[in-house]
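Heads up, the thing below is written out as structure tokens.
The values are calculated or read from the model by the stated rules, or taken from the named source; none is laboratory data. All figures in this text were calculated on a predicted structure; none of them were measured in a lab. Neighbour counts run over all protein chains shown; Cβ positions are idealised from the backbone, glycine included. Side chains included, ligands, DNA and RNA excluded: accessible areas come from the protein's heavy atoms. Shrake-Rupley method; radii C 1.70, N 1.55, O 1.52, S 1.80 Å.
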Amino acid sequence: MADTLAALRSLMASHSPPLNALIVPSEDYHQSEYVSARDKRRDFVSGFTGSAGIALISMNEALLWTDGRYFLQAAQQLSEQWKLMRMGEDPALDIWMADNLPKDAAIGVDPWCISVDTAQKWECTFAKKQQKLVPTARNLVDEVWKNQPPAETNPLIVHPLEFAGRSVADKLKDLRAKLVQEKARAMIITALDEVAWLYNVRGTDVSYSPVVHAFAIVTLNTAFLYVDKRKLSSEANSYMKENGIFVREYGDVSSDTVLLASDQLTPSSADKTPAGLNTETNCGKGTGNGEIQTAEFVNDLIWVDTGACCFALYLKLNADKVLLKQSPLALAKALKNPVEMKGLKNAHIRDGAAVVQYLAWLDRQMQEIYGASGYFAEAESMSKNKLQDLKRLTEVSASDKLEEFRASKEHFRGLSFPTISSVGSNGAIIHYSPEAETCAELDPDQIYLCDSGAQYLDGTTDITRTVHFGKPTPHEKTCYTAVLKGHISLGNARFPNGTNGYALDVLARTPLWKYGLDYRHGTGHGIGSYLNVH
């Protein structure tokens, strides 16, 4: 760790201009919450493995900011060379930099790994001290990461219409109607789940999230996909052609964004013209990929989602010709169509069955191995010799058994996030991830929390269950009952159309607040349709 920091500081000193500090975000080029092994740069430099956090390296300090979900985990994983900064308690990253770095300081960051709104917020804060955000031409962490994993080259997978529920043409038509409404002529789509949802494709480039590393650009009469072409089979290429999608190499999104800014982005002679797509005019009349007639409109803006689009692509556009607004695909993707709704329910039925099978199995194991009183049913008495032959259960071996039950279900494609199988105090580490070498053994006298989920072709799941196979303490009963009361209160709520989730959040917390208790995370979240668990 010390060698990594020293190497980075050497690169910072030799950079033009010299950098007073370097920011290392958690995100990849698509602002993803969960990233591939190659993109875990913050993890590499700091040793902290949580999904959320941001590192700052100056010439004499190394600090890591993370939210309340990870306070305990970060405190355990960070070495003495790092200082933990608790979001919501310590000064925010940009405030700390403005207050602690020199006037006129140059603060470096890879512009591909931060969003437009984050970059603009920082620039506004830095301006007060004449400090400047410096987009680096290359990622400095990559320069010192000698054994950095290679880029993924897994196959792109076409997601069948029987599971997607809506065709690419329909989705493109709706998107283009939004473009016309906002007087935009194109949109750059960078969020991996939005690209996957729009084009009805999936992949395995990121563990637990069935997405493929790709960008998309959609204009009023063309649609482009930017992806490593080695990932496309002949069937996938045919699918793209049938849907009027031009495929370009992943890295071409940079030069094509420049062309888009000057209204010169068109399919080249190297591109195979998709069947039925008219490339001679801007007045397509519904040729199979959702084109709309554009002659009567004056559309001059390029739409980018400020929270998802990377700063690097934004810098290639004309700032006065950019529409900075949340992607229209975010809500369209969140509102499940009837096919997706049916799949969601079916996936949860199968997944629920797997979890019940697991809990019943675990209950019997706890009785047989540890002599627990039992939760579901009483076990038959066993001889001492047989008890000695039984293998002890750990957080990891138990979660592996749960995965076995899930794997036996129809359409199973893997887990939706690392299973949080946690005994006793480990359950307080919100995104706890047990390791086989160091994990705890199950104990009938301690709470067992299992937060887990799976990916199925027809839906994604996330389910948490907290059980006790012995006798809970009065405090444990009080906490559990308060959480249950909050769930019931939230579930029984009637509210006006248009009410936001955070307006109802108090209903879930009030029973806990009465005891001076709370939890450092949200109450719930949306789930993708065979996509991201968040």
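Computed over protein heavy atoms with a 1.4 Å probe, the accessible surface of the chain works out to 48 Å² per residue. Taking a Cβ cut-off of under 14 Å around C124, the surrounding Lys, Arg, Asp and Glu residues balance to a net charge of +1, with basic ones at +1 and acidic ones at -1. Atom-type composition of the exposed protein surface of the range 389-458 places 46 percent of the accessible area on carbon and sulfur (1.4 angstrom probe).
When each of the peptides 6-18, 104-116 is scored by the mean number of other C-beta atoms lying within 10 Å of its residues, the order from highest to lowest reads 104-116, 6-18. Summary value for the chain: 12 percent relative contact order, contacts being C-alpha pairs under 8 angstrom separated by 6+ residues. This model, with +1 at the C-beta of Lys and Arg and -1 at the C-beta of Asp and Glu, gives the chain a dipole about its Cα centre of some 760 debye.
Amide hydrogen proximity for V201: with H placed 1.01 Å from N in the peptide plane, the residues at 5 or more positions away or on another chain lying under 5 Å are H159. The modelled label-to-label distance for the pair D505/S16, using points 7 Å beyond Cα in the direction of Cβ, is 4.7 nm. Pairwise Cα separations in the range 142-206 fall into 5 Å bins from 0 onward with the following percentages, short to long: 4, 14, 18, 19, 14, 11, 9, 6, 6, 1. In summary, the aspartates and glutamates within cross-link reach of K316, defined as a Cα separation below 14 angstrom excluding same-chain residues under 8 places away, comprise D252, D256, D263.
Counted by Cβ distance under 11 Å from A508, the other residues give a net charge of 0, where Lys and Arg count +1 and Asp and Glu count -1. With contributions of -39500 (n - 2.57) from each DSSP H run of at least four residues, the per-residue ellipticity at 222 nm computed over the chain stands at -10500 deg cm²/dmol.
The phi torsions of the range 362-368, fed into the Karplus equation with coefficients 6.51, -1.76 and 1.60 and a -60° offset, translate into couplings of 5, 4, 5, 5, 5, 6, 6 Hz, rounded to whole numbers, with Gly and Pro shown as x.
Centre-to-centre separation between the Cα atoms of the range 190-250 and those of the range 488-534: 34 Å. Within the shell defined by Cβ-Cβ distances under 15 Å, the residues around L484 carry a net charge of +4, with Lys and Arg each +1 and Asp and Glu each -1.
In terms of distances greater than 31 angstrom between alpha carbons, the cross-link table entries K146/K231; K325/K409; K132/K231; K40/K401; K178/K229 yield K325/K409; K132/K231. Taking the 1.4 Å solvent-accessible surface of the range 315-370 as the whole, the part contributed by carbon and sulfur is 61%.
Averaged over residues, the count of other Cβ atoms within 10 Å places the peptides 182-194, 165-177 in the sequence 182-194, 165-177, highest first. Which distance in Å, rounded to a whole number, links the C-alpha centroids of the range 312-355 and the range 87-113? After rounding, the separation between the Cα centres reads 31 Å. Among 321-333, 446-458, the peptide with the highest mean count of other Cβ atoms within 10 Å heads the list, and the full ranking is 446-458, 321-333. Percent of Cα pairs in the range 107-152 per distance bin of 5 Å, from zero to the largest separation: 5, 20, 23, 20, 14, 10, 6, 3, 0.
Dipole orientation for the chain: of the candidates F311, G528, S36, G528 has the Cα lying most toward the positive pole (charges on Cβ; Lys, Arg +1; Asp, Glu -1).
What list of whole percents do you get for P(r) of the chain, with Cα-Cα distances grouped in 20 Å bins up to the one holding the largest distance? All Cα pairs, binned at 20 Å, distribute as 19, 49, 29, 3, 0 percent.
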